[in-house]
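Undergrad: One structure follows; several queries about it will come next.
The values are calculated or read from the model by the stated rules, or taken from the named source; none is laboratory data. These numbers come from a predicted model, not from an experiment. Note that we place each Cβ from the backbone using ideal geometry, even for glycine, and neighbour counts take in every protein chain shown. SASA here: full protein model, heavy atoms, side chains in, ligands and nucleic acids out. Shrake-Rupley method; radii C 1.70, N 1.55, O 1.52, S 1.80 Å.
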Amino acid sequence: MPRYWSSLALLAATPLFAYAASVDFATEVHPILAAHCMPCHSGKTPQAGLLLTNGDGAKKAIVPGKPEASLLLTRILGEGGKPVMPPTGSPLKPAEVAKIRQWITEGAVWPEMSAKSPASTWEAPIAPRKVALPAGSGHPVDLLLDQYWKRNNVTPAAPIADAQFARRAYFDVWGIPPSPQDLDAFVQSQDPDKRAKLIRTLLANNTRYADHWISFWNDMLRNDIGVAYHGERKSITSWLENALDTNKPYRQMVRELLDPGKEGPDGFLIGVNWRGDINASQTPFMQASQNTAQVFLGINLKCASCHDSFINKYRLAQAYGLAAFFSEANELELVRCDMKTGKIQKPEFLYPELAKGIDIGTTTESRRKAAAALFTHPQNGRVSRTLVNRYWQKLVGKGIVEPVDEMDNEPWNADLLDWLAVDFDEHNQDIKHLIERIMTSRAYQMPTVAPGNKIFEGPTPRRVSAEEFIDTASAVTGEWRTAASGDRAAYVRDWKLKSSPLTRALGRPIRDQVYTTRDDAPTTFQALELANGQTLTKLIHRGARRLLGQLAPPPENLYDSRPLRRGYLPFDTKLNGAQKLWLVIEDAGTYDPAKSRFGWADVEFVTKDGTVKPYNSPTKPEPMLSGGAPLADGAMRLYFNKTVEITVPPGVDRIRGRFVIDDDSTPSDIIATPRFFLFGEKPDMDQLIRVAGNAPLARPQSFEGKSAAEVTRYLFRAVLSRNPSEAEQKIAVGNAQRFDAPAVEDLLWSLLMHPEFQYLP
Amino acid sequence: MNRRHFMQASAAATMAALTGSAPRALAGPGVKKTDAKADCLILLWMAGGMAQTETFDPKRYTPYEPGLPSDRVLSTFPSIPTAVDGIRISEGLEEIAKVMDRGTLIRSHRVGDLGFILHSRHQYHWHTGYAPPQSVACPHMGSWISRMLGPRNPDIPAFIDVGQNLEIGGESDSLKAFHTAGFVGSEHSPFLISDPADAIASTRPSEMIGASRFENRYKKYKQLVEASAAGKYGGEFQKESLMRSLDNAHRLLSSPAAKAFDLGQEKKEVYDAYNTGRFGQGCLLARRLAEAGARFIEVTTEYIPFRFWDTHENGHNRLAELKRTIDRPIAQLIRDLEERGLLDRTLVVVATEFGRDMMVEGKPGLTVKEQVKQPSVMTDIKHYGMHRHFTEACSVLMFGGGTPKGKLYGLTADERPCSIVKDPVTIEDLHATIYSKMGIAPDAGLEIEKRPFYVTKDGKGKPVEGLFA
């Protein structure tokens, strides 16, 4: 039984909420003082000359060990006939008073407030540091790690086998498994340099690389497809796609995000906004302060956005100082705990020494330019370290600094981090170079070890992400979903679609916050979605049939109105010999579908020689209005999700008429948005819009007519990158000669749920 | 399925959480199970802003006639007596009137001033206790309860959410933003049932697969995993967690407890007593789930912009319809719980995101941008109703869970503006009351990114004494 399982049993027995024996100043006492005392007992002229913002000042009101003799407590209790402290605002609760009493009893220790533990003296450096590599001819990362392992008595395990390596590499660069043919070619190759070459080949395919890595950036930059909260929010997707496609140097990306100008990705600085009044700590410029600090510097300024932080060394003034680079106004008034302080803060970078020689200026443009210059300053080594650490964590499982958003913490190997960071800088902050650096090391190729070790002994297993999971199902079956843009649809990888209950369950975040890692623990909730959710069931249903050649290509529409919002739209469409028509009405985003009235009117058939035959509505015609006036009397009312089937009279060549929306049925913000399609054959309701372009990956060969054994072998190789064992083959195939679609569905499902698939080797 | 399995599953999640940066428990009193007055919470959510003067806080009635000035009208319905002396409610709620003596009517719930009215933002605020945007992904009340208390019956998801379709067009994304477990972890996500008539389907294998194939598929899957070189790929621990989660899911999908989701099991007369539509069916579903051991069930009349309670026009007629929708089912729910001896330990809360008024948009003295065209003189019946958004006061009903019987809490003025004149109850304090009754301290919480985050805003909610018997 693995050793950690017994500690798990202990965990199950221990209540989840352990009671702390003694008071923790930082999280239990300081907040009370900050909220109730510091507003008056701070600054240059604190009330009654009593400063309660630091230990020295507080000494005046405290007798350590003797709460009953300490002014701090007696005044809170209103003893001795003096006014109760605080004189305004809510009084302290009994629990809070108890905490202060306990703290004084325990000696009233006021520790230095910083993230580091008392024993640690680590100060995260700002400047880059060039590390001299140890002697030797190996990969730089491995040379550095060799020393680390010698120090820690670790013998590094031998690299994983080719098939596992290929699997890891394909997922890490493209987010999908290798196809069986590509896997075979790689495993069978005798080229001694094949692993490094594979990495370069994978990185060289910009589209597949970008399609995978964009999710990392979307999570981190709070970017999503088409999400709106009736407040300002702007997508930066096209900029990001381009940045990844062209392998834009990181410092260029940072520059453009911080100083987008009129054409750049201003969505990042605009942030996530809701209509209405907002808390001072969540204005767009404060969000920008928090986000730029977290994303680029690995610093948490969220606490410091309301008051001096209790959990790290950052102060309110610093959060505002950074925010002032991104605000409209040139200077900002500090608001502490929702109270205006009257203190004004001008733009000031977290590392003021880097600002020498940089003119911050007073306009929005000048300040943003200055921010860009300060973040990308050659002496600002934190930006490189932070990004390098993130990629190390993504590729190897655990950052060199953990957590990855707390870059003030001590790395387990500063030489490794600093060397990689400078190497990154020296290669123009080329992200693909960084990825290659890490992936070509022997360390990357080591077998995985269980997480939780303090000593780095190899990568930790990572779970496939939501997008990788679904894209694998598509890649293996050739069944891709489409995303519409305009009147064309394209086959896309999952990231381009809005989140579904399945992807949300599998960890795709609601990108209101910055996410730099995803929680990948299995949950019952996820399992319900995987076992029984509509999204996956449907994808596998279609996927199995596509693999067996049972899915006909979707019919192309004869006519597509594109979303129609107001008024009317005439149409005149050739029927191309169709003898029956299907009129499909899709809801393209109507605010209030039940309220909308729309239909078509003046519909006529036209024969080849120009004879006109009216189309007779099978239902009683209804008037459609616009501004009270009739738009069409005698319009045939149409409804969402109610397809109309029409027999075409002989000799008819075209159909024409008008689609009409009753504007009077859609007051104010409610905008009916029907989209009308005409088909000459039974439509595929999942693919109404014409699809242009190819699938993101070449489709697998068809398995129509192939034996169950062949299908099994293919699915194992495609999903798990190996052949099935005899025992597995027996279980999967059973007695079947050929698989019907349900059998393929079920086998595919099992393999996608397999721990061997879910966790990369 | 037994408790041990669930505990191990969640312990696995906890283990994973400890090795990552997931929320940690706060030091200090968190869950006080012994103080709980209720084991199950049913939240009946009147989405869209329930007009209080047309429902539970009737004022002077002025009948419609063309030419009537808007500012003369406070209520468009006369009031009726209830089973409690001194409490009258609006005509149309005769059944609820009969069970008024089982609970407390709060007329003084005051919600936050968020500026420009946006329903989903107020709903987010009410359901999470925090107004967005926040620097932390805020959990829904149901997720907090799931996290703090866990499920009662391990085969019934702790957090069940009935009646809201999340793909509604406009404001879909803002709804999704709070229908989430946020940082407490996806294990505590809402189990969504948008149509109660379909509830049984979401707890049974999909029709596309069918029960026997579903079972066989899972059997085969386990055989395949056994046959693979177990432990060679991925650590034991990950494999165990994954298998356990799938096991839980499959048990849930074949559990006899899932019968509770099947409205078809109910006697016809009972079904008909509830069935005023989806909301009524949802109330019946809630009762069955409470009986079967659910922990938190929200049933909503559903938010769709400008629909249901969100009356921007034609308020009077629509309110008549809405009262027909809620009256019988809510009363029947209370009666049925009482009859089964469950009412004492079940907390039922009827609430909404704000009230309505004909003239005031926002709070008196703190009015916000106009969104409704209400003429100063009415010329059409569609002008007759409470169409503006009144964030100063709204009504809340509370039954069970140690709530005083037959009590009126709080008062609003008789004339416009109908501000609160006695015992205002904020969202923080209402939540503190609800959480307390469930056995969770108002300053219970978790630590996320080293920041303490509480079930009530900043841990400052105070349970309202007058709402405890």
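Undergrad: Calculate the mean, over all residues of peptide A:746-759, of how many other protein chain Cβ atoms lie within 10 angstrom of the residue's Cβ.
TA: Neighbouring Cβ atoms belonging to other protein chains average 6 per residue here.
Undergrad: Percent antiparallel among DSSP beta bridges with both residues in the protein assembly as shown, to the nearest 5?
TA: Working: 74 of 100 bridges.
Around 75 percent of the beta bridges assigned by DSSP in the protein assembly as shown are antiparallel ones.
Undergrad: Per DSSP H run of at least 4 residues, take -39500 (n - 2.57); add these up for chain A, divide by its residues and hand me the 222 nm value, nearest 500 deg cm²/dmol.
TA: Dividing the helical sum by the residues of chain A leaves -10500 deg cm²/dmol.
Undergrad: Expected output is a single nm value to one decimal: the length gained when fully extending between A:Ala69 and A:Lys574, i.e. 0.36 nm times separation in residues minus the C-alpha distance. What is it?
TA: Working it through step by step, the gained length comes to 172.2 nm.
Undergrad: Whole number please: convex hull volume per residue of the Cα set in region A:256-397, in Å³?
TA: Expressed per residue, the convex hull around the Cα atoms of region A:256-397 is 131 Å³.
Undergrad: Next question, about the same structure. Buried accessible area between A and B (1.4 Å probe, both chains summed, ligands and nucleic acids excluded), in Å² to the nearest 100?
TA: 7900 Å²
Undergrad: With the calculation restricted to Cα positions, what are the radius of gyration and Dmax of chain A in angstrom?
TA: 32.1, 108
Undergrad: Right, here's the next one. Quick one: what do you get for region A:559-679 if you divide its Cα Rg by 2.2 N^0.38 Å? Kindly include the intermediate steps, with their values, before the conclusion.
TA: Values: Rg = 14.3 Å, N = 121, 2.2 N^0.38 = 13.6 Å.
Compactness ratio reported: 1.05.
Undergrad: A follow-up question, please. Taking 0.36 nm per residue of sequence separation and subtracting the Cα-Cα distance, how much length would be gained by fully extending the chain between A:Ala161 and A:Arg488, in nm to one decimal?
TA: Here the answer is 113.4 nm.
Undergrad: What does a probe at A:Asp686 reach in region A:457-482, counting residues whose amide N is under 11 Å from the point 7 Å along Cα→Cβ?
TA: A:474, A:479-482
Undergrad: Suppose a student asked you for the relative contact order of region A:358-440, using Cα pairs under 8 Å spaced at least 6 residues apart; what percent would you report?
TA: Once divided by the residue count of region A:358-440, the mean separation gives 23 percent.
Undergrad: Here's another thing I want to ask about it. Report, please, the projected area of region A:205-302 averaged over directions, based on the convex hull of its C-alpha atoms, in nm².
TA: Directional mean of the projected Cα hull area for region A:205-302 stands at 6.6 nm².
Undergrad: Hey, another quick one. Can you figure out the FRET efficiency of A:Thr619 with A:Ala204, using R₀ = 56 Å and their beta-carbon distance, to the nearest 0.05?
TA: On the way: r = 59 Å, r/R0 = 1.06.
Taking R0 as 56 Å, the efficiency between A:Thr619 and A:Ala204 is 0.40.
Undergrad: Express the accessible area of region A:228-375 per residue in Å², computed with a 1.4 Å probe while the remaining protein chains stay in the model.
TA: Accessible area per residue, region A:228-375: 39 Å².
Undergrad: Continuing with this model, one more query. What FRET efficiency would be calculated for the residue pair B:Asp262, A:Ala594, taking the C-beta separation as r and a Förster radius of 30 Å, to the nearest 0.05?
TA: The calculated FRET efficiency here is 0.60.
Undergrad: Let me ask something else about it. Can you check what the net charge comes to around A:Val29, using other residues whose Cβ is under 13 Å from the Cβ of A:Val29 (Lys, Arg +1; Asp, Glu -1)?
TA: Once all neighbours under 13 Å are counted, the net charge is -2.
Undergrad: If you don't mind, another one. Between 0 and 90 degrees, rounded to the nearest ten: what's the tilt of helix A:162-174 against the longest Cα principal axis of chain A?
TA: Helix A:162-174 sits roughly 90 degrees off the main axis of chain A.
Undergrad: Using a 10 Å cut-off on Cβ to Cβ distances, tally the other chain neighbours for every residue of B:293-305 and report the average as a whole number.
TA: Mean shielding by partner chains, rounded to a whole number: 1.
Undergrad: Any idea how far the Cα center of region A:310-364 sits from the one of region B:226-294, in Å?
TA: Their Cα centres are 52 Å away from one another.
Undergrad: Determine the principal axes of the Cα atoms in chain B, then give the extent along each, sorted from largest to smallest and rounded to whole angstroms.
TA: Computed over chain B, the largest-to-smallest principal extents equal 83, 51, 43 Å.
Undergrad: Could you calculate, for region A:466-547, the ratio of the Cα radius of gyration to the Kirkwood radius, expressed as Rg to Rh?
TA: Value, to two decimals: 0.99.
Undergrad: Can you tally the net charge around A:Asp686? Count Lys and Arg as +1, Asp and Glu as -1, for every other residue whose Cβ sits under 9 Å from the Cβ of A:Asp686.
TA: Local net charge: +2.
Undergrad: While we're looking at this one, here's another question. Taking only C-alpha pairs under 8 Å that are 6+ residues apart, what is the relative contact order of chain B in percent?
TA: 31 percent
Undergrad: Follow-up question, since we're still on this one. Please say if region B:396-469 is rounded, prolate or oblate, where rounded means a/c under 1.5 for a ≥ b ≥ c the square roots of the C-alpha gyration tensor eigenvalues, and otherwise the choice is prolate for a/b larger than b/c and oblate otherwise?
TA: Oblate shape, in that a/c is at least 1.5 and b/c is the bigger or equal ratio.
Undergrad: Quick one: if you stick a label point 7 Å off each Cα along the C-beta vector at A:Lys197 and A:Asn694, how many nm between them?
TA: My value for the distance between the label points is 2.2 nm.
Undergrad: Going by Cα centres, region A:469-484 and region B:116-192 are how many Å apart?
TA: Cα centroid of region A:469-484 versus Cα centroid of region B:116-192: 30 Å apart.
Undergrad: With the crude spin-label approximation of a point 7 Å out along Cα→Cβ, what separation in nm comes out for B:Asp113 versus A:Lys346?
TA: Each label point is offset 7 Å from its Cα along the Cβ direction, giving 3.5 nm.
Undergrad: Using the structure shown, list the pairs from A:Lys93/A:Lys302; A:Lys59/B:Lys460; A:Lys574/A:Lys608; A:Lys346/A:Lys369 with a Cα-Cα distance above 18 Å, or answer none.
TA: Cα-Cα > 18 Å for A:Lys93/A:Lys302; A:Lys59/B:Lys460; rest within.
Undergrad: Further question: If the cut-off is a Cα-Cα distance under 17 Å, which aspartates and glutamates reach A:Lys682, setting aside same-chain residues fewer than 8 apart in sequence?
TA: Within reach: A:Glu556, A:Asp560, A:Glu586, A:Glu645.
Undergrad: Determine how many Å³ per residue the convex hull of the Cα atoms of region A:290-350 encloses.
TA: Dividing the Cα hull volume of region A:290-350 by its residues yields 75 Å³.
Undergrad: Another question, then. List the GluC sites (Glu not before Pro) in region A:669-728 that DSSP assigns to loop (not H, G, I, E or B) and whose Cβ has at most 16 other Cβ atoms within 10 Å. Which are they?
TA: A:Glu681, A:Glu704
Undergrad: Once every DSSP H run of n ≥ 4 in chain B is given -39500 (n - 2.57) and the sum is divided by its residues, what mean residue ellipticity at 222 nm do you get, rounded to the nearest 500 deg cm²/dmol?
TA: Values: 12 runs with 146 residues, N = 469.
Rounded to the nearest 500, it is -9500 deg cm²/dmol.
Undergrad: OK, next. Cα gyration tensor of region A:25-105, axes a ≥ b ≥ c as square roots of the eigenvalues: rounded (a/c below 1.5), prolate (a/b > b/c) or oblate?
TA: Values: a/c = 1.20, a/b = 1.12, b/c = 1.07.
Since a/c stays below 1.5, the shape of region A:25-105 is classed as rounded.
Undergrad: Expressed as a rounded percentage, what relative contact order does chain A have, with Cα pairs under 8 Å and six or more residues apart?
TA: This gives 12 percent for chain A.
Undergrad: Using alpha-carbon positions, what is the distance between the centroids of region B:375-450 and region A:398-465, in Å?
TA: Using only Cα atoms to place each centre, the spacing works out to 52 Å.
Undergrad: When the gyration tensor of region A:708-758 is built from Cα positions, what are the square roots of 5 times its three eigenvalues, in whole Å, from largest to smallest?
TA: Equivalent ellipsoid of region A:708-758: 16, 12, 9 Å, largest first.
Undergrad: Extending each Cα 7 Å along its Cβ direction at A:Lys356 and A:Trp122, get the distance between those two points in nm, one decimal.
TA: Those two pseudo-labels are separated by 2.8 nm.
Undergrad: Let me ask another. Could you tell me what percent of the accessible area of the protein assembly as shown is made up of carbon and sulfur, with a 1.4 Å probe and every protein chain present?
TA: That fraction is 52 percent.
Undergrad: If you don't mind, there's one more thing I want to ask. Order the following by accessible area, largest value first: A:Glu263, A:Glu457, B:Glu54, A:Glu68. Probe radius 1.4 Å; ligands, DNA and RNA are ignored.
TA: Accessible-area ranking of A:Glu263, A:Glu457, B:Glu54, A:Glu68, largest first: A:Glu263, A:Glu68, A:Glu457, B:Glu54.
Undergrad: Moving on to the next point. To the nearest 0.05, what FRET efficiency results for A:Thr363 and A:Ala317 with a Förster distance of 30 Å applied to their C-beta separation?
TA: Working: r = 22 Å, r/R0 = 0.74.
Result of the calculation: an efficiency of 0.85.
Undergrad: Just to confirm the number: angle between the C-alpha axis of helix A:381-396 and the first principal axis of chain A, 0 to 90 degrees, nearest 10?
TA: On a 0 to 90 degree scale, this one is about 50.
Undergrad: Taking each residue of A:577-588 in turn, how many C-beta atoms of other protein chains fall within 10 Å of its C-beta, and what is the average? Walk me through the numbers on the way to the answer.
TA: On the way: counts 0, 0, 0, 0, 0, 0, 0, 0, 0, 0, 2, 0.
For this peptide, the per-residue mean of nearby foreign Cβ atoms is 0.
Undergrad: Then there's this: Where nothing but the Cβ of Lys and Arg (+1) and of Asp and Glu (-1) is charged, how large is the charge dipole of the protein assembly as shown around its Cα centre, in debye to the nearest 20?
TA: 1400 debye
Undergrad: Something else: Where in region A:351-392 does the label zone of A:Lys130 land, with the point 7 angstrom along Cα→C-beta and an amide N cut-off under 16 Å?
TA: Only A:378-381 fall inside the zone, counting backbone N under 16 Å.
Undergrad: Cα axis of helix B:211-227 to longest principal axis of chain B: angle in degrees, 0 to 90, nearest 10?
TA: Taking the Cα atoms of chain B, the angle to B:211-227 is about 40 degrees.
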